[in-house]
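The values are calculated or read from the model by the stated rules, or taken from the named source; none is laboratory data. What you are looking at is a predicted structure, and each value in this text was computed from that prediction instead of being measured. Using ideal geometry, Cβ is built from the backbone for each residue, glycine included, and neighbour counts are taken over all protein chains shown. Just the protein is used for accessible areas: all its heavy atoms, side chains included, with ligands, DNA and RNA removed. Shrake-Rupley method; radii C 1.70, N 1.55, O 1.52, S 1.80 Å.
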Amino acid sequence: MHLSEHLKGYDKDLAEVVLGIAEVSKDISRGFITHQGKAQSDNIYGEQQARMDVWADELFIKKLGESGLVRYLASEEQPEVMEFKSDTDLGISIDPLDGSSLLSVNLTVGTIVGIQRGGVLKPGNEMVGAMYVIYGPLTVLVYTLGNGVHEFVLNSDGEFVLRKENLTIGSEKRLGQGAARNTYLPFHEEFISRLEADGYKIRFSGSFVADVHQILHKGGVFTYPGYQGSERGKLRLLFECAPMGYIVNQAGGAVSDGYVDLLTIQPQSISELAPVYIGGKREIELIQGIPK
Ligand code: FDP
């Protein structure tokens with residue numbers, strides 16, 4: 001089944017946003033070949049190119065904002081929320097290319113999007129949908145509009161076709177952990193020690209979207225914690241943690257900043273950071289229960 005068919009029955013404006021993002025992601029998946037290199041440098045064809053993440057950001061702004069599919073657009077690459085002329089009240093927060101420092105070594109990166117109505121500076125549990133696309137050996141799109149989490153794969157005809165409907169989080173013991181161990185806060189150290197003692201295997205690629213995708217399918221927990229020097233961690237609440245958390249939550253998992261359900265946090269600014277623990281309910285209950 002094609003993505004457009006699967007989206008029948010949802011509000012038209014929401015379905016169009018998901019399809020718009022899917023279209024841009026097709027350009028991005030082709031763009032890895034044509035947009036190699038960094039800003040001010042030549043690509044493999046000798047053309048001057050923008051950095052891949054900047055180029056991807058421009059594509060999303062054009063396709064979703066300037067064409068009126070959304071009214072509000074907050075991008076990790078932009079300092080302010082952008083407002084566009086649109087008949088809808090939809091807002092998106094987008095990380096156009098998460099994990100982009102891994103492009104130079106050809107590892108999986110992805111696009112993360114949260115969808116809200118009436119603005120973007122809202123808690124994650126007010127989202128009306130979220131999605132991500134990962135550009136790995138295959139280009140895979142995962143979306144939820146609040147009614148199950150569904151996975152599509154880009155086929156050789158350039159169409160996203162259904163791979164798996166109603167994903168539920170796996171039950172294996174896997175652990176992805178960011179930040180340097182010698183900067184861990186005591187309660188986080190305790191959490192990691194308990195998981196290791198329980199036989200959790202390490203899985204960490206350095207691309208948040210890809211790491212969470214693995215946890216979603218296989219099970220376990222991904223964490224980029226607060227650490228000495230940055231008690232609110234590294235990852236962005238609005239562009240990374242909340243949309244991925246919303247998806248994992250819809251698939252039967254949970255997300256926390258270590259203290260509370262991360263989806264209840266009201267962001268104060270678009271660039272706000274959050275420590276993140278994302279995965280199975282068991283692991284999230286464990287971190288929340290450890291005294292701080
Ligand atoms: P990147 O800087 O490559 O875009 O927040 C972005 C992110 O990658 C995440 O995808 C990843 O989990 C994290 O940063 C890795 O950061 P460190 O290498 O600094 O641990």
Requested in this report: Could you list, in sequence order, all residues of the range 185-219 that are more than 14 Å from the ligand (Cβ to nearest atom), open to solvent by less than 50 Å² (accessible area, probe 1.4 Å), assigned to a helix (DSSP H, G or I) and closer than 27 Å to S100 by Cα?
Outcome: H188, I192, L216
Query raised in the report: Out of all the residues in the range 88-117, which are β-branched (V, I, T) and touching a Phe, Trp or Tyr at 6+ places or on another chain (Cβ under 8 Å)?
Result: I92, I94, T108, V109, T111, I112, V113
Requested in this report: Examine the range 220-230 for a residue that is away from the ligand (no atom under 16 Å from the Cβ) and open to solvent by 20 Å² or more (accessible area, probe 1.4 Å), and state whether such a residue exists.
Outcome: no
Query raised in the report: Is one or more of the residues making up the range 242-253 open to solvent by less than 10 Å² (accessible area, probe 1.4 Å), within 12 Å of the ligand (Cβ to nearest atom) and not hydroxyl-bearing (S, T, Y)?
Result: yes
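To keep it simple, each residue is scored yes or no on (1) open to solvent by 10 Å² or more (accessible area, probe 1.4 Å); (2) outside any loop (DSSP other than H, G, I, E, B); (3) among the aliphatic types (A, V, I, L, M).
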| position | (1), (2), (3) |
| --- | --- |
| K62 | yes, yes, no |
| G65 | no, yes, no |
| V70 | no, no, yes |
| Q78 | yes, no, no |
| S86 | yes, no, no |
| L103 | yes, yes, yes |
Query raised in the report: Could you say whether any residue in the range 154-175 is more than 29 Å from S86 (Cβ to Cβ), within 16 Å of the ligand (Cβ to nearest atom) and surrounded by 14 or more Cβ atoms within 10 Å (Cβ to Cβ)?
Result: yes
Requested in this report: Among the residues of the range 244-292, count how many are closer than 22 Å to E172 by Cα, out of contact with any Gly (no Cβ under 9 Å at 6 or more places or on another chain) and not hydrophobic (A, V, I, L, M, F, W, C).
Outcome: 3
